[in-house]
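The values are calculated or read from the model by the stated rules, or taken from the named source; none is laboratory data. All of these numbers come straight from a predicted model, not from anything done at the bench. Cβ placement follows ideal geometry from the backbone for every residue including glycine, while neighbour counts extend to all protein chains displayed. SASA here: full protein model, heavy atoms, side chains in, ligands and nucleic acids out. Shrake-Rupley method; radii C 1.70, N 1.55, O 1.52, S 1.80 Å.
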Amino acid sequence: MTNAIFTGLMLGGMYALIAMGLTLQYGVARIMNLSYGEFLVAASFASYWLFTGWALNPLLGLAIVVPIGFGVSIVLYRFLLTPLVRRAATRDALEVDSLLATFGMMFIVQGIMLTMFGGAYFSYSFLSIPVTLFGETLALNRLVAFGLAVLFGLALYVALTRTRFGTAIRAVAVDPQAARLVAIDVTSMSAFAFALGGAMVAAAGVLVSMFLTFSASSGVIFTMKALMVVVMGGVGNLLGCLVAGLALGLSESLVATFVDPGLTLAVNFALFLGVLLVKPAGLFGRAQR
Amino acid sequence: MSPTHIAAVIAVGAGLVVLALLPRYADAYYLSLAISLLQFTVLATAWGLFSGPTRYVSLATTAFFGVGAYIVAVLGEVLAWPLVLLIAAAIGALMAVIVGISTLRLSGLHFVIFTFGLAELVRQLVIWYEVNKTRVLGRYVFVDITQNDIFWQLLGLAVAVFAIGWLIARSRLGFALRIIGEDETVAKHCGINVTLAKVTLFAISAVFITLVGAIMAPRWTYIEPSIAFNPTISFQVVIMALLGGAHRLWGPAVGAIPLTLLFEFLSARFPATSTLIIGVVFLLIVYALPTGVAGLWERVSRRRAAAPPVQA
Amino acid sequence: MTVLASSAPVLEVSALTRAFGGLVAVNVIDLAVHSGEIVGLLGPNGSGKTTALNLISGVLRPDSGTIRFAGQAINGMPAHRIARLGLARTFQLVRVLKGMSCAENVKAGLVFHRPPLSRGEIDESVDRLLRHVGLSDRGGLPAAGLTYIDCKRLELARALALKPRLLLLDEWLAGLNPSELLIGIELIRSLKEEGLSILLVEHVMDAIRSLCDRCVVMNSGRRIAEGRPDEVLADPAVIEAYLGVSPGVSTDA
């Protein structure tokens, strides 16, 4: 039982980490990014390549991969998504358009990774030293990744709630129209939030690659989990991300331990629908009038 | 009926006769290509039937297709073929109703997410069932269905999907969907059961997709979950319908034909980079042709009709 | 269309309550509309009038309280079933179906009757309703090209197409110029003469005085007054709600 809960919490922490970037991208920039998981896996490959090719410690690799993630996202937003934002008549129209555009992007990123690395599974061994914690044994790399995930989450939370800049970003998330009225540059704030989300997903990709095996086509499952966590927690809400991520991880690990590992996805979906039937705006979402 | 109507009916009828005779003249390669074309025409048209008027992007095509194929693998040997198809249609409809009722009352976004994962969910459930209950993962498809039979069945299904689409557009359901597309709140206050209309349409669309999966199953001799639930189909169907324009009944078919040929060509010549190219084609369509060929056609013909362009 | 005068109200709302988070938008409201009566629902902006209409027409679900329409409890019932029972409404921000013709807009209210109308009845009703609201020759025109008052007329025709027993009008007269206002008031009065019961949310005082049999005034979600229009408009609590009260300064407006 403790083992299942412990595994569940670690897993949930990972889900929360994965979803944080998406909640920024969707909550603030209103871009429903279906290629999100592909960018995560791309960061995993980058970390793998740095580690095996250049013997670069993934923790140092973060310092390279995260800024690249930020930069690539800025460029993507500027050249691919801004035209859609301009074209969209309503928020719904932008949602559908961005969904389709990122859907195409998902194939492109996946296609590039397939041509570069093929369809095989990859992993590398870094800090795979067994550690005993609360009577449970687990690999040090998982623990380090978890610790860093908590750190990144806290840093993001503080940045969004304690700084003027963060307040501006949250204002855009709540009401872009009103934000414009108080002299917030909504377009560049959206671009920045999208890029910050890109940086977060790059960080998640590096951390995840330390303890998970991945392949060019594993992005879809990350996207799906991240989407579920974001919508369940309430779009644009970091605390919601954490709670929903933990709920998803715990339920998954408990079902895998006590019922059947083959039913984890079914439980994910049941939880997702259950939450939305009770609270359509998500756990921490604002109810609409 | 006006003379142009009569001419159109005769032309369509003659075209169908020519198509139906195709297996007598075409060799195996062209017959197989024709089957692919028909398959995607039906899939994309059925997709557009639901997603066109409601603007809900369904990524669940694979889930229904795979269920259809799996039903044939399980029941094909035991039951008569028409009965197998009937069961496939019923299960497809039932699945659509369950998914529809649980997600279509929520926003479009939740629907997309759910359908995005649906194929994976169904695949996992099938694997779980097979491993735990029947203890086999793959199955051989033993049915006495030839390529010619597949072609004729798909042709019949194509005629059916267009006929149903045509009828819906002229029915109360079709009118209800136009109102829902304009303003859902107004639709409710006109006495329209919005959820029922959406779920009905989703089920009709799903029946066709499930049937395509069932009809196509005998093409493989061996089926396992990863073959039946191949996620690419969902994606291909969306691209096709978008290229043609999902808001018109004939739109998705217009997109299906060139793209099927393109995908066949790509997977034969550039298997390694086909995913990448599909992605690029997809993006080109989203940016250059947001309303598809049908939208372009409407703009051009409207411009012709109103010779001195009216300022908006 | 004649409606027998009866003592049982067409609409009877009791202890209706709905909160959004901490804000109680509608707080234990009682309200009744009798057959053939026009009742005004008044109150300053943000007092919960539109929320009350949304609860009655089924856009929102009440947290507690009951709504009885023609003797049947309709609280919590989905909007389309309430509409079919014969409760129609217009919207504060006028909502016409812009992608359709005017005739199709009216048809939208006719096609989904239970039991369904015949094609002939529908076509005949479309013409009659368009004529009724003063849009007789506009049937074939796209609704997108209508002026503001014509949009309001079209929306009213669509609501009347449901053959309602009760009509909810949400600031239907707002934004009209003085001559349009007179036409609008006459139109509503003609509906009353046909026996329709009407609940209207309105800010135009002239219209309230000349149309309403009774008024209910809301402020901050609560009911603060009820009675004949001239009575409630003279009520100190109502004046205070609209104009506020500042200490030391008399509020004789």
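A:T52 versus (1) surrounded by 13 or more Cβ atoms within 10 Å (Cβ to Cβ); (2) over 22 Å from A:V229 (Cβ atoms); (3) in contact (Cβ under 8 Å) with a residue 24 or more places away in the chain; (4) of a type in the set (S, T, Y): which is the lone unmet condition?
Here A:T52 clears every test but (1).
Taking interchain pairs and intrachain pairs at least six residues apart, which have beta carbon atoms under 6 angstrom, with the first residue in the range C:218-233 and farther than 26 Å from C:R18 by Cα and modelled with pLDDT under 85 and the second open to solvent by 80 Å² or more (accessible area, probe 1.4 Å) and part of a strand (DSSP E or B)?
none
Would you confirm, using the coordinates I've provided, whether C:P115 is within 14 Å of chain B (Cβ to nearest Cβ), out of contact with any Asp or Glu (no Cβ under 9 Å at 6 or more places or on another chain) and without any contact (Cβ under 8 Å) to a residue 24 or more places away in the chain?
Details: within 14 Å of chain B (Cβ to nearest Cβ): yes; out of contact with any Asp or Glu (no Cβ under 9 Å at 6 or more places or on another chain): yes; without any contact (Cβ under 8 Å) to a residue 24 or more places away in the chain: yes.
So C:P115 passes the test.
Residues are listed down the side, and each one gets a yes or a no for (1) over 26 Å from B:L167 (Cα atoms); (2) more than 14 Å from every other protein chain (Cβ to nearest Cβ); (3) basic (K, R); (4) touching a residue at least 60 places away in the same chain (Cβ under 8 Å):
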| position | (1), (2), (3), (4) |
| --- | --- |
| B:G213 | no, yes, no, yes |
| B:I223 | yes, yes, no, yes |
| B:Q236 | yes, no, no, yes |
| B:A241 | no, no, no, yes |
| B:T275 | yes, no, no, no |
| B:G279 | yes, no, no, no |
| B:Y287 | yes, no, no, no |
| B:R304 | yes, yes, yes, no |
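Can you tell me which of B:T185, B:T195 is within 14 Å of another protein chain (Cβ to nearest Cβ), in contact (Cβ under 8 Å) with a residue 60 or more places away in the chain and open to solvent by 10 Å² or more (accessible area, probe 1.4 Å)? Steps first, answer last, please.
On the way: B:T185 fails: in contact (Cβ under 8 Å) with a residue 60 or more places away in the chain.
Only one candidate passes the filter, namely B:T195.
Any residue at all in the range B:113-129 that's out of contact with any strand residue (DSSP E or B) (no Cβ under 8 Å at 6 or more places or on another chain), open to solvent by less than 20 Å² (accessible area, probe 1.4 Å) and farther than 30 Å from A:T102 by Cα?
Within the range B:113-129 (the criterion being out of contact with any strand residue (DSSP E or B) (no Cβ under 8 Å at 6 or more places or on another chain), open to solvent by less than 20 Å² (accessible area, probe 1.4 Å) and farther than 30 Å from A:T102 by Cα), the answer is no, since none of the residues qualifies.
So which residues in the range B:167-182 are open to solvent by 40 Å² or more (accessible area, probe 1.4 Å) and either touching a Leu at 6+ places or on another chain (Cβ under 6 Å) or of a type in the set (G, A, S) (or both)?
Listed by number, the residues that qualify are B:A169, B:S171, B:E182.
How many of the residues in the range B:130-143 are free of Cβ contacts under 8 Å to residues at least 40 places away in the same chain and surrounded by fewer than 13 Cβ atoms within 10 Å (Cβ to Cβ)? Steps first, answer last, please.
Just the residues of the range B:130-143 that are free of Cβ contacts under 8 Å to residues at least 40 places away in the same chain, to begin with: B:131-136.
From what is left, the residues that are surrounded by fewer than 13 Cβ atoms within 10 Å (Cβ to Cβ) are B:132-136.
Total meeting the criteria: 5.
Condition check: in contact with a strand residue (DSSP E or B) (Cβ under 9 Å, 6 or more places away or on another chain), open to solvent by 70 Å² or more (accessible area, probe 1.4 Å), modelled with pLDDT of 90 or more and not acidic (D, E). Does C:R158 satisfy that?
Numbers: in contact with a strand residue (DSSP E or B) (Cβ under 9 Å, 6 or more places away or on another chain): yes; open to solvent by 70 Å² or more (accessible area, probe 1.4 Å): no; modelled with pLDDT of 90 or more: yes; not acidic (D, E): yes.
Criteria not met by C:R158.
Can you find a residue in the range C:70-81 that is open to solvent by 60 Å² or more (accessible area, probe 1.4 Å), within 12 Å of another protein chain (Cβ to nearest Cβ) and within 27 Å of B:L173 (Cβ to Cβ)? Spell out the reasoning first.
First pass over the range C:70-81, keeping only residues open to solvent by 60 Å² or more (accessible area, probe 1.4 Å): C:72, C:81.
From the residues that got through so far, the ones that are within 12 Å of another protein chain (Cβ to nearest Cβ) too are C:81.
Among the residues that remain, those that are also within 27 Å of B:L173 (Cβ to Cβ) are: C:81.
Among the residues of the range C:70-81, at least one is open to solvent by 60 Å² or more (accessible area, probe 1.4 Å), within 12 Å of another protein chain (Cβ to nearest Cβ) and within 27 Å of B:L173 (Cβ to Cβ), which makes the answer yes.
Is it the case, given these coordinates, that C:L130 is farther than 28 Å from C:L23 by Cβ, outside the structural domain of C:L187 (by TED's automatic domain parsing), open to solvent by 20 Å² or more (accessible area, probe 1.4 Å) and of a type in the set (A, V, I, L, M, F, W, C)? Reasoning before the result, please.
On the way: farther than 28 Å from C:L23 by Cβ: yes; outside the structural domain of C:L187 (by TED's automatic domain parsing): yes; open to solvent by 20 Å² or more (accessible area, probe 1.4 Å): no; of a type in the set (A, V, I, L, M, F, W, C): yes.
Criteria not met by C:L130.
If A:V109 satisfies all but one of (1) surrounded by fewer than 18 Cβ atoms within 10 Å (Cβ to Cβ); (2) aliphatic (A, V, I, L, M); (3) part of a helix (DSSP H, G or I), what's the number of the condition it fails?
Among (1) surrounded by fewer than 18 Cβ atoms within 10 Å (Cβ to Cβ); (2) aliphatic (A, V, I, L, M); (3) part of a helix (DSSP H, G or I), A:V109 violates only (1).
Could you list, in sequence order, the residues of the range B:51-71 that are within 20 Å of B:T232 (Cβ to Cβ) and assigned to a helix (DSSP H, G or I)?
First pass over the range B:51-71, keeping only residues within 20 Å of B:T232 (Cβ to Cβ): B:51, B:57-70.
Answer for the range B:51-71, where residues must be within 20 Å of B:T232 (Cβ to Cβ) and assigned to a helix (DSSP H, G or I): B:S51, B:T61, B:T62, B:A63, B:F64, B:F65, B:G66, B:V67, B:G68, B:A69, B:Y70.
Among the residues of the range A:243-269, how many are part of a helix (DSSP H, G or I), within 11 Å of another protein chain (Cβ to nearest Cβ) and open to solvent by 60 Å² or more (accessible area, probe 1.4 Å)? Working first, answer last.
Looking only at the range A:243-269, we keep the residues that are part of a helix (DSSP H, G or I), and these are A:243-258, A:261-269.
Then drop every residue that is not within 11 Å of another protein chain (Cβ to nearest Cβ), which leaves A:261-269.
Restricting the remaining residues to those that are open to solvent by 60 Å² or more (accessible area, probe 1.4 Å) gives A:261.
Matching residues across the range A:243-269 total 1.
Does the range C:178-207 hold any residues that are within 13 Å of the chain's Cα centre (by Cα) and assigned to a helix (DSSP H, G or I), and which are they?
Passing the criteria: C:I188, C:L191, C:K192.
Hey, does the range B:49-66 have a residue that's surrounded by fewer than 18 Cβ atoms within 10 Å (Cβ to Cβ) and within 10 Å of chain A (Cβ to nearest Cβ)?
Keep residues of the range B:49-66 that are surrounded by fewer than 18 Cβ atoms within 10 Å (Cβ to Cβ), which gives B:55.
Within this subset, residues satisfying the condition of being within 10 Å of chain A (Cβ to nearest Cβ) are B:55.
Yes: the range B:49-66 contains one or more residues that are surrounded by fewer than 18 Cβ atoms within 10 Å (Cβ to Cβ) and within 10 Å of chain A (Cβ to nearest Cβ).
For the subset of the range B:1-47 comprising residues that are open to solvent by less than 80 Å² (accessible area, probe 1.4 Å) and not in a helix (DSSP H, G or I), which member is nearest to B:P231 (Cα to Cα)?
Filtering the range B:1-47 for residues that are open to solvent by less than 80 Å² (accessible area, probe 1.4 Å) and not in a helix (DSSP H, G or I), the one nearest to B:P231 (Cα to Cα) comes out as B:A26.
Residue by residue, here is whether (1) closer than 18 Å to A:M20 by Cβ; (2) open to solvent by 40 Å² or more (accessible area, probe 1.4 Å) holds:
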| residue | (1), (2) |
| --- | --- |
| A:N141 | no, no |
| A:V158 | yes, yes |
| A:Q177 | no, yes |
| A:D185 | no, yes |
| A:L212 | yes, yes |
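Might you check whether a residue that is more than 13 Å from chain A (Cβ to nearest Cβ), open to solvent by 50 Å² or more (accessible area, probe 1.4 Å) and not in a helix (DSSP H, G or I) occurs anywhere in the range B:151-166? Write out each step before concluding.
Of the residues in the range B:151-166, the ones more than 13 Å from chain A (Cβ to nearest Cβ) are B:151-166.
The next check asks that each one be open to solvent by 50 Å² or more (accessible area, probe 1.4 Å); those that pass are B:152, B:159, B:162, B:164, B:166.
Now drop any that are not not in a helix (DSSP H, G or I), which leaves none.
No; the residues of the range B:151-166 include none that is more than 13 Å from chain A (Cβ to nearest Cβ), open to solvent by 50 Å² or more (accessible area, probe 1.4 Å) and not in a helix (DSSP H, G or I).
Does B:E77 fit the bill of being more than 12 Å from chain A (Cβ to nearest Cβ), open to solvent by 10 Å² or more (accessible area, probe 1.4 Å), on the phi < 0 side of the Ramachandran plot and touching a Phe, Trp or Tyr at 6+ places or on another chain (Cβ under 8 Å)?
On the way: more than 12 Å from chain A (Cβ to nearest Cβ): yes; open to solvent by 10 Å² or more (accessible area, probe 1.4 Å): yes; on the phi < 0 side of the Ramachandran plot: yes; touching a Phe, Trp or Tyr at 6+ places or on another chain (Cβ under 8 Å): yes.
Yes: the conditions hold for B:E77.
Within the range C:196-204, does at least one residue satisfy the condition of being open to solvent by 20 Å² or more (accessible area, probe 1.4 Å) and either in the same structural domain as C:A52 (by TED's automatic domain parsing) or in contact with a Cys (Cβ under 8 Å, 6 or more places away or on another chain) (or both)?
Taking the range C:196-204 and keeping what is open to solvent by 20 Å² or more (accessible area, probe 1.4 Å), we get C:203-204.
From what's left, either in the same structural domain as C:A52 (by TED's automatic domain parsing) or in contact with a Cys (Cβ under 8 Å, 6 or more places away or on another chain) (or both): C:203-204.
Taking every residue of the range C:196-204 in turn, at least one turns out to be open to solvent by 20 Å² or more (accessible area, probe 1.4 Å) and either in the same structural domain as C:A52 (by TED's automatic domain parsing) or in contact with a Cys (Cβ under 8 Å, 6 or more places away or on another chain) (or both).
Quick one: which residue in A:K279, A:K225 is within 16 Å of A:G8 (Cβ to Cβ) and among the charged types (D, E, K, R)? Break it down stepwise before answering.
Working: A:K279 fails: within 16 Å of A:G8 (Cβ to Cβ).
Criteria check complete, one pass: A:K225.
Which residues, taken from the range C:55-73, are within 17 Å of the chain's Cα centre (by Cα) and closer than 22 Å to B:R105 by Cβ?
C:L55, C:I56, C:S57, C:G58, C:V59, C:L60, C:I67
What number goes with the only condition from (1) under 18 Å from B:I192 (Cβ atoms); (2) more than 17 Å from the chain's Cα centre (by Cα) that C:F91 does not pass?
If we test C:F91 against (1) under 18 Å from B:I192 (Cβ atoms); (2) more than 17 Å from the chain's Cα centre (by Cα), just (2) comes out false.
With the requirement that a residue be at pLDDT 85 or above and aliphatic (A, V, I, L, M), what does the range B:250-271 give you?
If the condition is that a residue be at pLDDT 85 or above and aliphatic (A, V, I, L, M), then B:A253, B:V254, B:A256, B:I257, B:L259, B:L261, B:L262 are the ones that fit.
Of the conditions (1) out of contact with any strand residue (DSSP E or B) (no Cβ under 6 Å at 6 or more places or on another chain); (2) crowded, with 23+ Cβ neighbours inside 10 Å, C:A88 fails just one. Which one is it?
Result: C:A88 passes all but (1).
Exactly one condition in (1) buried (at least 23 other Cβ atoms within 10 Å of the Cβ); (2) in contact with a strand residue (DSSP E or B) (Cβ under 8 Å, 6 or more places away or on another chain) is false for A:L207; which is it?
Condition not satisfied by A:L207: (2).
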